[in-house]
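Before any comments, here is the structure.
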Amino acid sequence: MYDINTKYVKKGRNFWLIFLIFGLAFMLIFGSVYISSYLKLKSLDASTTSTKVEISSHISDGTTMYSPIYYYEVNGIEYSCSSNSSSSVYPGTDNKTVYYDSKEPLKCMSEYTKNSNKFLLIGVFLPIIFILIGVVGIHKVNKRLKVIKSLNMNGKLVKNLPYHMEETGMVVNNKRIFKPIVEYTLPSGSVITLEGDARHDKKLSDEDGLVDLLIDENNPSNYFIDFEINRLSGNLPTDYYNANTNNNKEEIL
């Protein structure tokens, strides 16, 4: 049995959890706005064509945003229907359909707003991508932890291996996340490259400047790399990389 510290691997779940939280939050926001707009439109039982259009505008981040106001008449009384959102696309001054409540004509929605709300669907579906990324990422971390746990039963300890660090492409709090890379020689003599888990603890080196490895040599895809792994009963001389290398050479001779 070995002393295996998987805290930095578990921290990786937090990285993917951010995708999941943001995805759910944006889906909730855009979804609630779309549903509210959809229900409002369903409650409007009459429609008419506007009689005139006024366009207000404002500058946002250097871009001109337009908000049209449509005027319409019901039973000889003029009402106005403002858009709920602004757009960088000029709406034009053509009269559009206005949907309203026959009992309360002040309740309305313009055709411009109705069409604009369709784009909210994009805002609903895009977060699904973030949610899927988060769920898949968390699943991979959990699966990885199970593999590491199984190495307690069938893993071979190899201590003090040379390594180098490579970027993972992940950035957390403006800090790049790295992973250790190890070249390991199997008993068969073949050399394999092993990529360690992303160091979410941001640790890049250890006092001895080397890493330790747990590996199932019958299934080399199952392995774990860390800066310190030890036997609970005390390490053996043959656990060290140089000793293993010498033993392999003797076996070959």
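Build a GNM of the chain with springs between Cα atoms under 10 Å apart, and of Asn219, Asn152, Asn75 the one that fluctuates most is Asn75. All other residues whose Cβ lies under 11 angstrom from that of Asn222 are scored, Lys and Arg at +1 and Asp and Glu at -1, for a net of +2. Label sites at Thr6 and Ile192, each approximated as a point 7 angstrom past Cα along Cα to Cβ, lie 1.9 nm apart.
Please check the chain for the longest run free of GluC sites (Glu not before Pro) that are loop-located per DSSP (anything but H, G, I, E, B) and have at most 15 other Cβ atoms within 10 Å. Could you put the intermediate results ahead of the total?
Values: sites that count: Glu207, Glu217, Glu228.
Here the longest run is 1-206.
Using a simple charge model, +1 on the beta-carbon of Lys and Arg, -1 on the beta-carbon of Asp and Glu, nothing else, what dipole does the chain show about its Cα centre, in debye to the nearest 20? Display every interim value, and only then the final one.
On the way: 27 positive and 27 negative charges, 128 e Å.
For this selection, approximately 620 debye.
Straight-line reach from Lys118: taking Cα to Cα under 25 Å and skipping same-chain neighbours fewer than 8 places apart, the lysines in range are Lys40, Lys42, Lys52, Lys96, Lys107.
Neighbours of Asp206 by Cβ distance under 11 Å: Lys/Arg scored +1, Asp/Glu scored -1, total -4.
Exactly which trypsin sites (Lys or Arg not before Pro) in region 1-105 are in a DSSP loop and have at most 12 other Cβ atoms within 10 Å? Present the calculation step by step, with values, prior to reporting the outcome.
Details: sites: Lys7, Lys10, Lys11, Arg13, Lys40, Lys42, Lys52, Lys96, Lys103; in loops: Lys11, Lys96, Lys103.
In loop regions of region 1-105 (DSSP not H, G, I, E or B), the sparsely surrounded trypsin sites (Lys or Arg not before Pro) are Lys103.
Here P(r) over Cα pairs in 10 Å bins from 0, in percent was computed from the coordinates, and among [x] 8, 34, 40, 18, 1; [y] 8, 29, 33, 22, 8, 0; [z] 6, 21, 19, 12, 10, 10, 10, 8, 3, 1, 0 the match is [z]. Computed from the Cβ-Cβ distance with R0 of 45 Å, the FRET efficiency linking Ser221 to Val89 stands at 0.30.
Tell me the per residue accessible area of region 1-99 using a 1.4 Å probe; a whole number in Å² is fine.
Details: 6230 Å² over 99 residues.
The answer is 63 Å² per residue.
For the chain, the relative contact order is 21 percent, taking Cα pairs closer than 8 Å that sit 6 or more residues apart in sequence and dividing their mean separation by the residue count.
Could you work out [θ]222 nm for the chain from helices alone, using -39500 (n - 2.57) per DSSP H run of at least four and dividing by all its residues? Round to the nearest 500 deg cm²/dmol.
Details: 5 runs with 90 residues, N = 253.
-12000 deg cm²/dmol, from helical runs alone.
Within the chain, the whole DSSP H helices whose Cα atoms reach 20 Å or more along their own axis and whose mean Kyte-Doolittle score is at least 1.0 are 12-43, 120-154.
Projected label points at Lys143 and Ser80, each 7 Å from Cα along the beta carbon direction, are separated by 5.9 nanometres.
Electrostatic bookkeeping for Tyr71 treats Lys and Arg as +1 and Asp and Glu as -1; over the other residues with beta carbon under 15 Å from its beta carbon, the sum is -3.
Counting only protein heavy atoms and a 1.4 Å probe, tell me what percentage of region 1-136's accessible area is made up of carbon and sulfur. Show your work: numbers first, answer last.
Numbers: 5050 of 8470 Å².
The value for region 1-136 is 60 percent carbon and sulfur by accessible area.
The values are calculated or read from the model by the stated rules, or taken from the named source; none is laboratory data. Nothing here was measured: the structure is a model prediction, and the numbers come from that model. Glycine gets a Cβ as well: all are built from the backbone with ideal geometry, and neighbour counts include every protein chain shown. The protein model used for the area step is the full one, side chains on, heavy atoms only, and it has no ligands, DNA or RNA in it. Shrake-Rupley method; radii C 1.70, N 1.55, O 1.52, S 1.80 Å.
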